[in-house]
Amino acid sequence: MPPPVFRFAPSPNGYLHLGHAYSALLNFDLARRAGGRLLLRIEDIDASRCRPEFETAIYQDLAWLGIAWEHPVRRQSEHFCAYRDAIETLTAQGLIYPSFESRADIARLVAQREADGAWPRDPDGAPLYPGAAKSLAPVARAALLESGTPYALRLDMEAAIARVGDLAWSERGAGPAGESGAVTGWPQAWGDVILARKEIPTSYHLSVVIDDALQGVTEVVRGEDLFWSTSVHRLLQALLGLPQPVYRHHRLMRDGAGQKLSKSTEATGLRDLRAEGATPADIRRLVGL
């Protein structure tokens, strides 16, 4: 039986903090105990936010923590062709359609819907897609595409679910309400999710599913904030005929106000803690390992 395959997959859009350290160390420890492999993946599809110095810092921080990973490292920006192929497969199944509204357009549409009552939101709190691009006449759609209007490629969630039926995943961690074991997926909660854009031929949901399959990942260990995203990932795996890994969603590192540590809130980076004299053992102690 082949050894289990784990992965740590940060985005180089900021410096790693204690939350990243916990996830990376947990993956490393679990892989070592199971006699498995640990892969490192750089999720850099957003060229506007990802920077080379952040990627270099990831390697430095992980090495300082004593984490070893296999080479070569997979960088998503080098594999856009694989994501395009997946989009073409889903398009051939009649499950993809372009939407042309800007973010401002969507905000306006949501406000209009909410004037008539509550508008549904996804598990992250974002409003579901409120537009009607799915019902655009073919001639109108073709004209918008030909004109160069920016667009997002969305998954027709209703049609996708009708194709694959009920879904579940194997959870070794625990969800927001203590879910574990065989967890029933609920991709409907996300609405018609974006799988790619005109300028970026993929999204987090699509690329993570493709990468895990191509890299042979069998154990996905990640933060509990991604727990319900697994519903979308299981749906894409079923649609694309991909194997499903086992999932373990772990607790998040939080600040004194109870908010999860985040690059966007400028959580203290590992490089700063190291500069202040912290040791790898100190980091393990701070994250509860």
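Principal-axis analysis of the Cα atoms of the chain puts helix 80-92 at an angle of about 40° to the longest axis. For the chain, the longest principal axis of the alpha carbon atoms and the long axis of helix 229-240 meet at an angle near 60°. Think of segment 140-289 as a dipole: +1 on every Lys or Arg Cβ, -1 on every Asp or Glu Cβ, centred on the Cα centre; then among 177, 283, 237, 283 lies furthest on the positive end.
Using only the C-alpha atoms, the convex hull of segment 128-190 corresponds to 125 Å³ per residue. Please go through segment 144-239 and write out the trypsin sites (Lys or Arg not before Pro) that DSSP classes as loop and that have at most 15 other C-beta atoms within 10 Å. Of the trypsin sites (Lys or Arg not before Pro), the ones in loops of segment 144-239 whose Cβ has at most 15 other Cβ atoms within 10 Å are 172, 198. Relative to the longest principal axis of the Cα atoms of the chain, the long axis of helix 103-114 lies at roughly 70 degrees. Distance distribution note for segment 1-159: the fraction of Cα pairs above 21 angstrom is 64%. Volume of the convex hull of segment 151-289 (Cα atoms only), normalised per residue: 160 Å³. Mean sequence separation of contacting Cα pairs (under 8 Å, at least six apart), scaled by the length of the chain, corresponds to a relative contact order of 24 percent. Quick note on the chain: its Rg to Rh ratio, both from C-alpha atoms and Rh being the Kirkwood radius, is 0.98.
Remark: the residue 51-residue 214 segment gains 56.2 nm on full extension, using 0.36 nm per residue and subtracting the alpha carbon distance. Over segment 1-62, the fraction of Cα-Cα pairs per 10 Å bin, rounded to whole percents and listed from the shortest bin up, is 22, 47, 24, 6, 0.
Just to check, using Stokes-Einstein with a Kirkwood Rh over alpha carbon pairs, what's the diffusion coefficient of segment 17-105 at 37 °C and 0.692 mPa s in µm²/s?
Once the numbers are plugged in, D ends up at 204 µm²/s.
Across the chain, the longest piece that holds none of the GluC sites (Glu not before Pro) lying in DSSP loops with up to 14 other C-beta atoms within 10 Å covers 71-198.
Values quoted throughout were computed directly from the atomic coordinates according to the rules given, and no laboratory measurement underlies them. For clarity, every value in this text was computed on a predicted model and none was experimentally measured. For neighbour counting, all protein chains shown are included, and Cβ atoms are generated from backbone atoms with ideal geometry for every residue, glycine included.
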